Structures are given as C-alpha cells and as structure tokens.
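First the structure, in the form of structure tokens, and then the observations on it.
The values are calculated or read from the model by the stated rules, or taken from the named source; none is laboratory data. Because the structure is a prediction, the values reported are computed rather than measured. Every residue, glycine as well, gets a Cβ built from its backbone with ideal geometry; the counts of neighbours run over all protein chains shown. Keep in mind that these areas ignore ligands, DNA and RNA; they rest on the heavy atoms of the full protein, side chains included. Shrake-Rupley method; radii C 1.70, N 1.55, O 1.52, S 1.80 Å.
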Amino acid sequence: IRDKLVTGVQTCALPILTITWQIDNNSLMVMPSQEGQNNVIIAVRYTATGTDNATPPHTATFDSMARFEYKTGNPFIPFAQVTANDVLSWIQSDTKIVETANNVLTNDINRQINPPVRPERKPAPWIS
C-alpha cells in the first residue's frame, strides 16, 4: 500500500499460521492401481487447521481428499504395516497440498481480520 504522505513502501502483513493436520481414518480407501500388480492407490480425507498468533487467535479449517500411489512390493513396507503417521507424512510432504492449504487458510483468516466492506443500501436521493 502506498501513501503519498509517507515515504517508502508500506505492506500489509500476512498472518503467520501454525497448521495442524489430521486424517479421517474412516475415509481411508485402497484401490488397485493400473500401474502394476504390486501397487495400490490410497485415498484419504484430511483436515488442515490454521491458527494465527493473535490474541485471541483466529482459526480456519480446510478439508480435502488426498490420493497417493503406493508400491506394496519389496523393498517397500507392506500395506498392512502402513500407519496413520505414514499417511500424514505423505500429505505434509506434498508441496501442492501444503501450498493449497496454506493459501486457503491464510485467505480465510485474512477475511476474519479484515472483513469485506459491504456497501450500505440507500434509496436514491431523488426517490422519496
């Protein structure tokens, strides 16, 4: 934001978020992959919750579905040994998922901090 009365450039600060991740264990789906007999596709619903450092904090949530191709053959971990922490680590290491969640959460919290201005409806002055 630039102000003619202030020298230099001023910028709006974006909230710094702490994001926590959860998966819905009841949503876990496993499907055979077309890539090979030893591969499966794992799909799971996850929730990212972002909280800023304000007092009181602003919070936003983002829910979505993630899909991963998983090789079940040697030398990989057998599917029966995959844990919730494994799936969470796949979600958290997927740059596209993290970036999307961060953008959605930041925008939602920004709307809480700076709600959009709604125009006031007034009749035209020539209408009585």
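Here are the numbers for this structure:
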{"quantity": "Cross-chain or 6+ apart pairs with Cβ under 9 Å, segment 81-99 first and within 17 Å of LYS71 (Cα to Cα) and at pLDDT below 90, then part of a helix (DSSP H, G or I) and open to solvent by 60 Å² or more (accessible area, probe 1.4 Å)", "calculated": "ALA84/ASN25"}
{"quantity": "Subset of segment 103-120 (residues that are under 22 Å from ALA48 (Cβ atoms) and either open to solvent by less than 100 Å² (accessible area, probe 1.4 Å) or among the aliphatic types (A, V, I, L, M) (or both))", "calculated": "ASN103, VAL104, LEU105, THR106, ASN107, ASP108, ILE109, ASN110, GLN112, ILE113"}
{"quantity": "Condition broken by GLY50, with the remaining ones in (1) at pLDDT 90 or above; (2) open to solvent by less than 50 Å² (accessible area, probe 1.4 Å); (3) part of a loop (DSSP other than H, G, I, E, B); (4) of a type outside the set (S, T, N, Q) satisfied", "calculated": "(3)"}
